[in-house]
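Encoded as structure tokens, the structure appears first; notes follow it.
The values are calculated or read from the model by the stated rules, or taken from the named source; none is laboratory data. Here the structure is a predicted model, which is why all the values come from computation and not from measurement. Positions of Cβ are backbone-derived with ideal geometry, glycine not excepted, and every protein chain shown enters the neighbour counts. Surface areas here come from the heavy atoms of the whole protein model, side chains and all, with no ligands, DNA or RNA. Shrake-Rupley method; radii C 1.70, N 1.55, O 1.52, S 1.80 Å.
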Amino acid sequence: MPNTWRGFRGGPHRTANSQNANAVTNTELEWSIGVRDAEILPHGLRATDACLFIGRTDGLSVIDVETGNQIWNYTNGSPIY
């Protein structure tokens, strides 16, 4: 993988702080998603090298981190809190 920075809030302390300044090479917005009328659950984001899991009050989405395309979606019949 090229010298890019992946992961929500970065690093094990989740502070968005990188110990290696050379690791952050692209800080431009590459994609965004909408969650309709739902809210993202507290602690509802999890990232891997390939995808981002988004826990919402109405279900779960899995997003490809390279493209921003939705890989999988589940919508619950009633809100989850």
Across segment 37-45, in residue order, what do the Karplus-derived ³J(HN,Hα) couplings come to in whole Hz, using 6.51 cos²θ - 1.76 cosθ + 1.60 with θ = phi - 60° and x for Gly and Pro? 8, 7, 10, 6, 5, x, 6, x, 10
Sequence of 31, 72 from largest to smallest accessible area, 1.4 Å probe: 72, 31
Computed label-point distance, nm, for sites residue 32 and residue 78 using a 7 Å Cα→Cβ extension: 3.3 nm
In order over segment 69-78: 3J(HN,Hα) from phi, Karplus 6.51/-1.76/1.60, θ = phi - 60°, whole Hz, x for each Gly or Pro, gives 6, 6, 8, 8, 8, 10, 10, 7, x, 9
